[in-house]
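Notes to accompany the following structure.
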Amino acid sequence: MAQSSDLTHWLFGRQDLLQTNPVLWIDNLAGSLKWLCPADIRKSIWTMDRILQLPEVIATGIPHHKMELLLQLGWISRIPSSMPEQERPGVVGLVADHLSSFVVPLQVAPAGRWCIDTRLPFRAETLQDQYAQLARFAQIGDFVPERYCFQISTPLKQFMEGPSMDLAAFLATMVNGFEDSKGIFEACCVLAEQDLQGNIRSSGFATEKLAAFTREFSGGSLLIRPMNCQHSARYDDSFANVWKIATVNDLFRRLQTEGVIHALACRRPISGRDVSTTIDRLVDLIRRQRRYRDGLDLAERLSQHEFDNSVTFRLRQKILDLRCQAERHLGKAEQAVATAYQLCEREKELESATSYDQSADAETSLAASLFDTHRFEELLRLLNPWLERCFRDPRSLMPLNRVKIQNTYARALIATGREGWELPLETSLSIQREIFPHDVPRTENYLLLGLIRSGRLAEAGSRIGVPQDWRQFQPMSLWRRAFLRADLARCLGQQWQVEDMDSCEEPPSGCARPLAFYLQSTARQNGRNLDDRVARFDRANTLLTIDIKTAQNKPIESLMRGWLNLLKTTIIGDQLLFQPCIEALKNEIRGTRISTVADNSSKWLSQIEQGPTEEAVGKIVDQLLVL
């Protein structure tokens, strides 16, 4: 007779199935033996009996209920005395299709970074999103479950897809290391999926999946299923506990009752490695996915957490910097300025342990926040020493920091109508063409705005051109270039438009504002009929409203919308509309929490209130349209 391992491999091949779904493996084996020995059932039974006595088969711990059934059916002569008790699997996944169904053991271990078996159908980002939902539910100020990373694998060699295992994987990581004194999670499965609103629905093939679980285990400790799922309700009696949930918050409440959330929140102070992990998540949320609310929520929770001594000053500064970025994008301009000032003050306190670059990086973050609040004079005073250093000793600063300093300084000069913006921008372009070519269009846009605002229209026309390859443009830069091209045509008394932008109903992420700028510029071009002009102003205001709604507070956009309404009224020429429009604008000014912006708008309005004209209001709008 062949060696036992050879026989095992020859007859059934898939050792992973023996390890993970032993009852299914035995059923497949029985089917194979019947096919191999169709005329001699005794030979099939003899072969089955011999195989089930093999040490590697006994070691897997085939369920006792299955062995008893085989004994009753006469397929085996005895149950091996050395057969171990079947191990309880913890939280498992379940997969099924029209042909077969499997239990998917989830092997979870803490790790320094996320590492998920590529055969499994979920990704780290999905689990981190569920952690964020849990943190919002728990309302514990310093609760940062995103700090944890896990290695998740399965011995089942089966490729899987779909969202049906997301909650099971989340739960498996949640209870990892949890002292489950009640044994409630020792044999648990989840038959539920979450939709975008947090509601729970049944996963597909619910009957087949639960049949697989009860096939492999005589009973489970916990079934988590949707409230009104008749398919999974039929298996309730197979589990010691059943959680019927309608929303993901119902699941969180159950975990809270069992003490899982408290145990997770009360673990050790956060370490440097934990902070680095969380910062990676912050960078992904804020810079890649542009999910600024989620990023700010995480940054605020992380800032409140107790740190141990391994959390360095640089890591703490990075948290502040990312928090400032999220606040800026959400229109929380004053908060962003306060955070940026804190960043700078802490950098100054470090003295010998910092560098020119690190100080410059902190102060350019502050300058960007000051720009958002239109505190241009303060910005220019802040960056002037750094600009001098860029030209006097350029090698003392990294190229990226020189670009940020020069661009921000030049933008403030353009916004205040000063000269001197051209040299910093040209210097930035020379750096970017060599090192950061993808950023060239953005700086070119700043340069073009300066030329248009200073009346150098011929130069702007010669430089704006038609790019040979529009693919070099990121969406934001592309749409800003279209605005500048339309604004140049307006200043020249011409018409110019882009059919794709005119018909665009849903601009790319972050492009609502430049599309609104483009539409107001085309609305002000000579030769357009009144209905077209009014329609373009209305669309611009709608887009600004969308931009405001995507953030909690966008004071500049709110005021801009008021000024555009007044500009539209001057074009319509209906005197009866002036006063209501002016009163609405005054209300916007009173509601603006950025004092500089409110003061400027109050001053401008007092100058034109008695007789607003298209030209006078248009000049004010141009001052608000900064890039």
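The values are calculated or read from the model by the stated rules, or taken from the named source; none is laboratory data. Computed from a prediction, not measured in an experiment: that's the story for all the values here. Positions of Cβ are backbone-derived with ideal geometry, glycine not excepted, and every protein chain shown enters the neighbour counts. Keep in mind that these areas ignore ligands, DNA and RNA; they rest on the heavy atoms of the full protein, side chains included. Shrake-Rupley method; radii C 1.70, N 1.55, O 1.52, S 1.80 Å.
Going by a ≥ b ≥ c, the root eigenvalues of the Cα gyration tensor, does segment 179-299 fall in the rounded group (a/c under 1.5), the prolate group (a/b larger than b/c) or the oblate group?
Because a/c hits 1.5 or more and a/b exceeds b/c, segment 179-299 counts as prolate.
Using every pair of alpha-carbon atoms in segment 512-627, split the distances into 5 Å bins beginning at 0 and state the percent of pairs per bin, rounded to integers.
2, 12, 24, 26, 22, 11, 3, 0
Setting aside same-chain residues fewer than 8 positions from LYS568, which aspartates and glutamates have a Cα under 19 Å from its Cα?
Counting by Cα, and skipping residues close in sequence, LYS568 has these aspartates and glutamates nearby: ASP487, ASP502, ASP531, ASP532, ASP538, GLU557, GLU583, GLU588, GLU609, GLU614, GLU615, ASP622.
Taking amide H positions as placed 1.01 Å from N in the peptide plane, with prolines and chain starts having none, which residues 5 or more places from ASN241, or on another chain, fall under 5 Å of its amide H?
Hits under the 5 Å cutoff: LEU222, LEU223.
Using Cα atoms only, what is the angle between the long axis of helix 555-572 and the major principal axis of the chain, expressed in degrees (0 to 90) to the nearest 10?
50 degrees
Using DSSP to call loops (not H, G, I, E or B), can you name the GluC sites (Glu not before Pro) in segment 390-450 whose Cβ has at most 11 other Cβ atoms within 10 angstrom?
Listed in order of number, the matching sites are GLU419.
Percent of accessible area on segment 78-219 owned by carbon and sulfur, 1.4 Å probe?
Whole-percent figure for carbon plus sulfur exposure: 47.
Carbon and sulfur atoms: what percent of the 1.4 Å accessible area of segment 471-523 do they account for?
The nonpolar share, carbon plus sulfur, comes to 43 percent.
What do you get for Rg/Rh over segment 230-367 if you use C-alpha atoms and the Kirkwood form of Rh?
Checking Rg against Rh, the ratio lands at 1.16.
Given N residues in segment 293-375, what is its alpha carbon radius of gyration divided by 2.2 N^0.38 Å?
Rounded to two decimals, the normalised Rg is 1.08.
Relative to the longest principal axis of the C-alpha atoms of the chain, give the angle of the C-alpha long axis of helix 313-329, reported between 0 and 90° and rounded to the nearest 10°.
So the inclination is approximately 70 degrees.
How far is it, in nm, from the label point at ARG113 to the one at LEU576 when both lie 7 Å from their Cα along the line to the Cβ?
Spacing of the two 7 Å Cα→Cβ label points: 6.8 nm.
Can you tell me how segment 398-495 classifies by the Cα gyration tensor, rounded, prolate or oblate, using a/c under 1.5 as the rounded cut?
Details: a/c = 2.16, a/b = 1.23, b/c = 1.75.
Because a/c hits 1.5 or more and a/b fails to exceed b/c, segment 398-495 counts as oblate.
Quick one: 3J(HN,Hα) in Hz for segment 228-236, Karplus 6.51/-1.76/1.60 with θ = phi - 60°, rounded, Gly and Pro as x.
Each residue of segment 228-236 in turn: 10, 10, 5, 4, 7, 4, 5, 9, 4 Hz.
Using helices alone, I'd like the mean residue ellipticity at 222 nm for the chain: each DSSP H run of four-plus residues gives -39500 (n - 2.57), total over residue count, nearest 500.
Taken over the chain, the calculation gives -18500 deg cm²/dmol.
Using a 7 Å offset from the Cα along the Cα-to-Cβ direction at both ALA535 and SER595, what is the distance between the two label points in nm, to one decimal?
Between ALA535 and SER595, the simple spin-label model gives 4.5 nm.
Please compute the alpha carbon radius of gyration of the chain, then divide it by the globular-protein estimate 2.2 N^0.38 Å. Two decimals is fine.
So the chain has a normalised radius of gyration of 1.29.
So, in Å, what gap is there between the alpha-carbon centers of segment 478-496 and segment 187-212?
Rounded to whole Å, the Cα centres lie 54 Å apart.
By how many nm would the segment from GLN151 to ARG381 grow when fully extended, if each residue of separation counts as 0.36 nm and the alpha-carbon distance is taken off?
Gain in length upon complete extension: 77.8 nm.
Based on the Cβ-Cβ distance from ASP308 to ALA338, what FRET efficiency comes out when R0 is 25 Å, to the nearest 0.05?
For ASP308 and ALA338, the calculated efficiency is 0.40.
Using a Debye calculation, one point per C-alpha and no hydration shell, please list log10 I(q)/I(0) for segment 333-461 at q = 0.10, 0.17 Å⁻¹ in order.
The calculated log intensity ratios at q = 0.10, 0.17 Å⁻¹ are -0.32, -0.90.
Angle check, please: helix 248-257 long axis (alpha carbons) against the longest principal axis of the chain (alpha carbons), in degrees 0 to 90, nearest 10.
Tilt relative to the chain: about 60 degrees.
Could you check what % of the DSSP bridge pairs in the chain are antiparallel, to the nearest 5?
Here the antiparallel bridges make up roughly 45 percent for the chain.
In whole Hz and in residue order, list the ³J(HN,Hα) couplings for segment 533-540 that follow from phi through the Karplus curve 6.51 cos²θ - 1.76 cosθ + 1.60, θ = phi - 60°; x for Gly and Pro.
With coefficients 6.51, -1.76 and 1.60, one gets 5, 5, 4, 5, 4, 5, 5, 4 Hz.
Rounded, prolate or oblate: which fits segment 160-233 when a ≥ b ≥ c are the square roots of the eigenvalues of the alpha-carbon gyration tensor, with rounded for a/c under 1.5 and prolate only if a/b beats b/c?
Judged from the Cα gyration tensor, segment 160-233 comes out oblate (a/c at least 1.5, b/c at or above a/b).
For segment 171-325, calculate the relative contact order in percent as a whole number, restricting contacts to Cα pairs under 8 Å that are 6 or more residues apart.
18 percent
Heavy-atom accessible area per residue, the chain, 1.4 Å probe: how many Å²?
Heavy-atom SASA per residue in the chain reads 46 Å².
Anything over 32 Å Cα to Cα? Flag those among LYS244/LYS318; LYS182/LYS209; LYS332/LYS619; LYS157/LYS318, in the order listed. Please list the in-between numbers first.
Numbers: LYS244/LYS318 42 Å; LYS182/LYS209 25 Å; LYS332/LYS619 27 Å; LYS157/LYS318 41 Å.
Exceeds cut-off: LYS244/LYS318; LYS157/LYS318.
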